[in-house]
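Take a look at the structure below.
All of the numbers you see were taken from the coordinates with simple rules; none came from a lab. The structure presented is a predicted model; accordingly, all values stated were derived computationally and were not measured. In this analysis, Cβ positions are derived from the backbone assuming ideal geometry, glycine residues included, and neighbour counts consider all displayed protein chains.
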Amino acid sequence: MERSAWPDKRLDDRFDHLDGEVSELRREIRDLGVQLRAEMKEMEAGLRGEIAELRSTMIRLHGATLVVMVGLFAALFARGG
């Protein structure tokens with residue numbers, strides 16, 4: 001099997017090419033990270049809104065339950081029961 005020697009210029013060209021590809025991959029990863037952070041912030045804002053709505057609904061339901069219970073107790077006491 002014949003062994004071929006690569007000239008330094010060819011090796012330099014190949015490494016320059018690889019450096020370029022690595023730089024491009026780093027750029028793509030950085031851009032994807034920026035996009036991911038933006039999407040996460042958007043989702044966080046939506047979740048905060050949904051949690052606030054849920055909290056409000058729970059407070060209203062709790063208040064309605066208390067009103068019903070007070071009404072039931074008042075009706076029981078009014079009947080002498």
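Assorted remarks:
- Shown in residue order for segment 57-65 are the 3J(HN,Hα) couplings computed by the Karplus curve 6.51 cos²θ - 1.76 cosθ + 1.60 at θ = phi - 60°: 5, 5, 5, 4, 5, 5, x, 5, 4 Hz (x for Gly and Pro).
- For segment 23-37, the Karplus equation 6.51 cos²θ - 1.76 cosθ + 1.60, evaluated at θ = phi - 60°, returns couplings of 4, 5, 5, 4, 4, 4, 5, 4, 5, 5, x, 5, 4, 4, 4 Hz by residue, with Gly and Pro reported as x.
- Among (i) 21, 12, 12; (ii) 78, 5, 4; (iii) 76, 13, 4, the entry derived from the coordinates for semi-axes √(5λ) of the Cα gyration tensor in Å: (iii)
- GNM remark for the chain: springs join alpha carbons under 10 Å apart, and the peak mean-square fluctuation among MET40, MET58, MET69 falls on MET69.
- Evaluating 6.51 cos²θ - 1.76 cosθ + 1.60 at θ = phi - 60° for every residue in segment 6-21, the Karplus couplings come out as 8, x, 4, 4, 5, 5, 4, 4, 5, 5, 4, 5, 5, 4, x, 5 Hz, glycine and proline recorded as x.
- GluC sites (Glu not before Pro) lying in DSSP loop within segment 1-68, provided at most 11 other Cβ fall within 10 Å: GLU2
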